[in-house]
Amino acid sequence: MAGVEKVKVVESCIVSPSEETPRHGLWLSPLDLMMVNRGHTPNVYFYRYASSSGVVDDIFFDVARLKAAMAKALVNFYPLAGRLGVDGDGRAEIDCAGQGAHFVVARSDLTVDDFSSRQPSLELKRLFVPGIVDDSPCVMLAVVMLAVQLTFFKCGGLALGTALHHVAIDAVSAVYFFETWSAFSRAGSRDNDVAEVLELPCHDRTLLRARSPPRVVHPDAVAVFYPLKNNPNISEPSPPPGPIVNEIFVISKDQITALKHASSGASTFCAVSAHVWRCMCVARRLAPEATTHLTFPANFRRSLRPPLPARYFGNGIIMLGAAGKVRDIASEGQLTLASVAERVKQAIRRLDDELVRSTIDYLEMNEAPPASSMPETEVRIVSWLGMPVYDVDFGWGKPLTMMRAVQQRAGLIYLIDGGQGDGGVRILMSIEAEALEDFQRLLYANF
């Protein structure tokens, strides 16, 4: 399929908050700062044509209505209308001055069905995610925090591409913004109804300030947050020997039930993660004596004492991890699946206030390592399970599907609810091409 020429941009503008917003430099926590170089997270939603009211002349994804709704949402989510900047000491901050979000409208001769079942790819990003400066060697440019692109297909459907800078927010915060934006759009002229029930986001990132003096008390802080750092048993990541491919697998509700039963009643995340981890070890043909790691970001908002506000708007995640010898993780039998799931559960249980505070203090004293490829012994699973990513309904129905637009790190996996309300789970993964066939066979072998 041809590339960029299949999508034509017809409008590019800035949407600013509809009311005056606070003007200041927003202080960033150590957890935010480690995301300065991570750039924008590219996601894409696909929608089929539908009329919100059943009236034929209803305008599907009315651009003016969406702009007005975004302008209203940005009043309370004003950091997303800001720009990446620096304070007087050269420390990164978000310059909040109501500059606005980038809003692009495009048209395409393609159809929703050309893409709704496709995998994440560079093509998806090029076509549907607005191009913004996120790869500059100078990260302290006035980079936008939020950009969106509406691409109208010839079939009447639409792709909504989004790019949010990770320094501003994590997935939990991003989902809340899109819920709010879409709620204002659905409400139309009744937007006051939304404003009255809106839970205001909390922008006080000093809640995650390092202690004075910083102190790494929790024994697992460094090992959990950087499980591969300074480990003499693990070599530096090297480029994968061959091509990386993306694939989406679906685990049905019945298969989830079977995995949870075999995992001694573990949660969906623990059961699926344990199963995927084991399959990856075998498919990659790892040496039995090698040490393998499963790492995953965890939302700690409720783990602090006192807890963070439920609507804390920023990065409220740290990395957790489990490890073991390949021979122990990949052994056959349901008892092994239960034991691997227990390792994942134990990692989650270690998440407490001191671990989070020690991690923040460690980051205050040490520079965060740059994002890089992972060794083939590591699997990283990002869970969006339970997040209302399919509730982004602007007034014309929920998305047909939602996914990362691109992911190119072998071993990086996303878990997303099935989206059809059927209790299934979609597994979006990047894997070495040579391991894909074996992984697929192993994933479904016992169902």
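The values are calculated or read from the model by the stated rules, or taken from the named source; none is laboratory data. The shown structure was predicted, so the numbers you read here are calculated from the model rather than taken from an experiment. Methodologically, a virtual Cβ is constructed for each residue, glycine included, from the backbone with ideal geometry; neighbour enumeration extends over all protein chains shown. For accessibility, only protein heavy atoms count, side chains too; no ligands or nucleic acids. Shrake-Rupley method; radii C 1.70, N 1.55, O 1.52, S 1.80 Å.
The table below lists the values:
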| item | result |
| --- | --- |
| Proximal lysines to K67, defined as alpha-carbon separation beneath 24 angstrom and excluding residues fewer than eight positions away on the same chain | K8, K125, K154, K398 |
| Derived scalar couplings ³J(HN,Hα) [the stretch 197-209; Karplus, 6.51 cos²θ - 1.76 cosθ + 1.60; whole Hz; x for Gly, Pro] | 9, 5, 7, 5, x, 9, 9, 7, 7, 5, 4, 10, 6 |
| Relative contact order computed over the chain (Cα-Cα under 8 Å; 6+ residues apart), in percent | 22 |
| Carbon plus sulfur fraction of accessible area for the chain, probe 1.4 Å, in percent | 51 |
| D_trans [Stokes-Einstein, Kirkwood Rh over alpha-carbon pairs] for the chain, 10 °C, 1.306 mPa s, µm² s⁻¹ | 69 |
| Dipole magnitude (debye, nearest 20) for the stretch 15-109, charges at Cβ of Lys, Arg, Asp, Glu | 180 |
| Selection from H165, G90, Q420, by position along the positive dipole direction of the chain (Cβ) | Q420 |
| Isotropically averaged projected area of the stretch 258-321, using the convex hull of Cα atoms (one quarter of hull area), nm² | 6.5 |
| Dipole axis of the chain (+1 Lys, Arg; -1 Asp, Glu on Cβ), positive-most option in A101, P309, V44 | P309 |
| Cβ-placed point charges (K, R +1; D, E -1), dipole of the chain about Cα centre in debye, nearest 20 | 500 |
| Where the chain is the region considered: accessible area per residue in Å², 1.4 Å probe | 43 |
| Residue-averaged [θ]222 nm for the chain, counting only DSSP H segments that reach four residues, each worth -39500 (n - 2.57) | -8000 deg cm²/dmol |
| Interatomic Cα distance distribution for the stretch 263-377, bins of 5 angstrom, percent | 2, 10, 18, 19, 17, 15, 11, 6, 2 |
